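Please read the structure below before turning to the comments.
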Amino acid sequence: MTEESGNTPATRRGMIGMAGAVAGGLAVSQMAVGSASAATGTSTSTSGSTATRTISLAQAQRLTEAAIRYVRAHSALPPMYVLVVDSAGEAKASLRMDNNSSAAAALVPQKVHTARTYRAATADLASNIKDPAQIASHVANGASLLAGGRPIFENGQFIGALAVGGGTPAQDDEVARAALATL
């Protein structure tokens, strides 16, 4: 499909490209205005941005190492997988002990996702949700109601989540609590 505009034929692809260029130009001009506002200390928005606290790599590594030390110090505990995510849910640190169960590799990410999303321990969620329809709804959306996932707070602010897997739910939660006690 073409249309004539003066002497130059216009194609649909060309028009879409032109619209993209115009939109891109508008976006760049808005960024320039925003940068100028930031440089002068004025704001073009009434809401502004917010700072988000998150766990540091050093903290995340300390937590994973503390969990592994705890497991090694308690011979009755099986090998564990420990995962720490930041406040956005991105992996920050993980350690998986030799001979850890393959099921843990699938379950731990769900536990940490749940603890981060709800900012609550997975064990607490499990004990508070009794309705089968609610359980099904949570599980269908990728949540885990198995103990071992816990949110991480620092000075009352949420900064990430930790999950442990490889043993029974009670063992997983025991290790998660022990690791968090070291932070």
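Before moving on, here are some points about what is shown:
- Using 0.36 nm per residue and subtracting the Cα-Cα separation, the extra length available between residue 105 and residue 52 on full extension is 16.2 nm.
- Contact order for the stretch 103-183, expressed relative to its length and based on alpha carbon pairs under 8 Å spaced 6+ residues apart, stands at 33 percent.
- Mean Cβ neighbour count within 10 Å, used as a protection proxy, ranking 116-127, 166-177 highest first: 166-177, 116-127
- Normalised per residue, the accessible area of the stretch 49-183 is 51 Å², obtained with a 1.4 Å probe and no contribution from ligands, DNA or RNA.
- With contacts taken as Cα pairs under 8 Å at a separation of at least 6 residues, the stretch 67-138 carries a relative contact order of 22 percent.
- Euclidean distance between Cα centres, the stretch 64-119 to the stretch 150-183, Å: 9 Å
- Reduced Cα scattering model of the stretch 143-183, Debye log10 I(q)/I(0), q = 0.23, 0.33 Å⁻¹: -0.72, -1.11
The values are calculated or read from the model by the stated rules, or taken from the named source; none is laboratory data. This one's a predicted model, so the numbers in the text were calculated from it and none came from an experiment. Reconstructed Cβ throughout: ideal geometry from the backbone, glycine too, with neighbour counts over all protein chains shown. Ligands, DNA and RNA are excluded from the accessible area calculation, which covers all protein heavy atoms including side chains. Shrake-Rupley method; radii C 1.70, N 1.55, O 1.52, S 1.80 Å.
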